[in-house]
Amino acid sequence: MADEISMNTAVLFNQLEETYNVSPGAMAASNAVLIKSMTAVPLTGNRVERDIVTPYFGANPGKLAAKRGTMQFTVEATGAGETALDAGQAPAFGRLLRQAGTSETVRAPAATIAASPPTGVGGPTGTFTYAAGDPYEGIVDRLVTLLCTTGGGSGVAEFTVSAPATKHLAAYEATAQVMTDATDFDLLHGATITPTVGTAFEVGDSYTIQLSPPGSFYAPISDTFESGESFFQYGTNRHRFGGQRGNVTINAAADGYFDLQFDFMGLPGVRSSEEIPAVDFSAFQDPLIVDDDNSPYVALGGVEIVLRSFNLNVGQNTVMRSLVGQKKVRTSGRASSGTIVFEALDLDDADFFDNLDDGSTLTFELIHGLVRGEIVHLTCTRLEITGLQYQDEEGVAMFSANVTALPSDAGNDELLLAIK
């Protein structure tokens, strides 16, 4: 008799499909997904009874229709790692987010400095163009201002380079920066430009240049949904799915990890008995604990808060559609909602009951990680508080807020998850 099937040797492999429910080919060790907390239903459906009439009592036979399989698992959200950032590569779990109804936009280091020319402030006299030099190595967007303090042309004009404080980052200022043709000019956090001066500068001339960090950016979509192929394996028992799509819930709790909980549905494929294949988890970065040391900024409505937990169910409605001539998993809608638990604030500092009362929205922002390569940055720009109450935590008053993430009139922007 064969050995029992171990539940402690599970693996999950996944890859994106180019054509719905068409396998892209054999999976490599790098297609393995580093997961935790997996549960799966390999085969389910709608049981259709035959409703036959018999001369005796008993249950009716039936068969499964709209056959599908489901799986739920959690992946730790981490930064992409410096190697991936430098190469303009998405994080290892990016393909899962794409199958959960989000777009993926990758910003390479070469695209971190806004295109020339700079934006003039108040009609400056001087003009210059530039080529982007070393990329910006910051972790959040910064708008850099160049203010001329000594007039003149190339090699003479001096500037103060500054950027205001933002999030948890202090203001920046560097004075007496000489601008010389074909010579590196420092901006901020490693970013440089190589200028070419046109018209000479006058004192007071001012210009801005936008700096944006490299990384991968995920936002919800409403059409052109991608799909994937997966197989999971308990011991030797392998179950394959195609045409897989689903939903993701974002979770971050103090003294825990920043997690992405995926809930996928797919079309059942081949079942087989296989040896567990080799896995390569090297593209998955080690996670950081969500705490005061590693999560430097969390704010609601621009007011920094002391966070206990945050969760947001992106709310992709994934359904099985089974017709003659078509069988597919489709996303039929989305409504994002969740909860935030944080220390109660003095009403003179922030009265979130006003927002509950009038339905006005707030921006929520959470930055987890300290340096490039380890940043997970979540932003919800129009969060509506739908419920707010006090709760006791060891004698400390806490707010527990039910929230809904709303899109703007542009749509598909109720959240942005940046991996940097």
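The values are calculated or read from the model by the stated rules, or taken from the named source; none is laboratory data. Being a predicted model, the structure only gives us computed values, none of them experimental. Quick reminder, even Gly has a Cβ in these numbers, built from the backbone with ideal geometry, and neighbours come from all protein chains shown. The area values use the complete protein model at the heavy-atom level, side chains included, leaving out ligands, DNA and RNA. Shrake-Rupley method; radii C 1.70, N 1.55, O 1.52, S 1.80 Å.
Some notes on this structure:
- For the criterion of being closer than 26 Å to Thr331 by Cα, out of contact with any His (no Cβ under 6 Å at 6 or more places or on another chain) and either of a type in the set (S, T, N, Q) or open to solvent by less than 20 Å² (accessible area, probe 1.4 Å) (or both), Ser272 fails.
- The listed residue being surrounded by 16 or more Cβ atoms within 10 Å (Cβ to Cβ), at pLDDT 95 or above and over 17 Å from Arg334 (Cα atoms), out of Arg238, Arg245: Arg238
- Failed item, numbered, when Ile276 is tested on (1) part of a strand (DSSP E or B); (2) modelled with pLDDT under 95: (1)
- Qualifying residue in region 36-46 (condition: in a loop (DSSP other than H, G, I, E, B) and over 24 Å from the mean Cα position of the chain (by Cα)): no
- Residue that is under 16 Å from the mean Cα position of the chain (by Cα) and touching a residue at least 60 places away in the same chain (Cβ under 8 Å), where the choices are Ser336, Ser400, Ser322: Ser336
- Evaluated against (1) more than 18 Å from Arg240 (Cβ to Cβ); (2) open to solvent by less than 50 Å² (accessible area, probe 1.4 Å); (3) among the small types (Gly, Ala, Ser); (4) in a loop (DSSP other than H, G, I, E, B), Ala59 falls short on exactly one condition, (2).
- Residue among Val203, Val197 that is among the aliphatic types (A, V, I, L, M), open to solvent by 50 Å² or more (accessible area, probe 1.4 Å), more than 18 Å from Ser37 (Cβ to Cβ) and modelled with pLDDT of 95 or more: Val203
- Residues of region 62-84 satisfying the condition of being among the charged types (D, E, K, R) and either surrounded by fewer than 18 Cβ atoms within 10 Å (Cβ to Cβ) or in contact with a Leu (Cβ under 6 Å, 6 or more places away or on another chain) (or both): Lys63, Lys67, Glu82
- Residue in region 170-187 that is touching a residue at least 40 places away in the same chain (Cβ under 8 Å), over 25 Å from the mean Cα position of the chain (by Cα), open to solvent by less than 60 Å² (accessible area, probe 1.4 Å) and within 30 Å of Glu365 (Cα to Cα) present: yes
- Of all residues in region 284-300, those satisfying the criterion of being buried (at least 18 other Cβ atoms within 10 Å of the Cβ), in a loop (DSSP other than H, G, I, E, B) and of a type outside the set (Ser, Thr, Tyr) are Phe284, Gln285, Pro287, Leu288.
- Taking the numbered list (1) in a strand (DSSP E or B); (2) surrounded by fewer than 17 Cβ atoms within 10 Å (Cβ to Cβ) in turn, Phe13 passes all entries but (2).
- Considering residues of region 1-10 that are open to solvent by 70 Å² or more (accessible area, probe 1.4 Å) and not polar (S, T, N, Q) only, the residue farthest from Ala77 (Cα to Cα): Met1
- Answer residue from region 16-46, given it is loosely packed, with under 11 Cβ neighbours inside 10 Å and without any contact (Cβ under 8 Å) to a residue 24 or more places away in the chain and is nearest to Gln233 (Cα to Cα) among those: Ala26
- Residues in region 287-314 that are under 16 Å from Arg372 (Cα atoms) and under 17 Å from the mean Cα position of the chain (by Cα): Pro287, Leu288, Ser295, Tyr297.
- On the stretch given as region 93-107, residues that are in a loop (DSSP other than H, G, I, E, B), touching a Gly at 6+ places or on another chain (Cβ under 9 Å) and either open to solvent by 40 Å² or more (accessible area, probe 1.4 Å) or within 15 Å of Asn14 (Cα to Cα) (or both) total 1.
- Every pair of residues 6+ apart whose Cβ atoms lie under 6 Å, when the first sits in region 262-291 and is touching a residue at least 60 places away in the same chain (Cβ under 8 Å) and under 24 Å from Ala100 (Cα atoms) while the second is outside any strand (DSSP E or B) and among the hydroxyl-bearing types (Ser, Thr, Tyr): Asp280/Ser30; Gln285/Thr78; Pro287/Thr78; Pro287/Tyr257
- All positions within region 123-154 that are among the aliphatic types (A, V, I, L, M) and in a loop (DSSP other than H, G, I, E, B): Ile139, Val140
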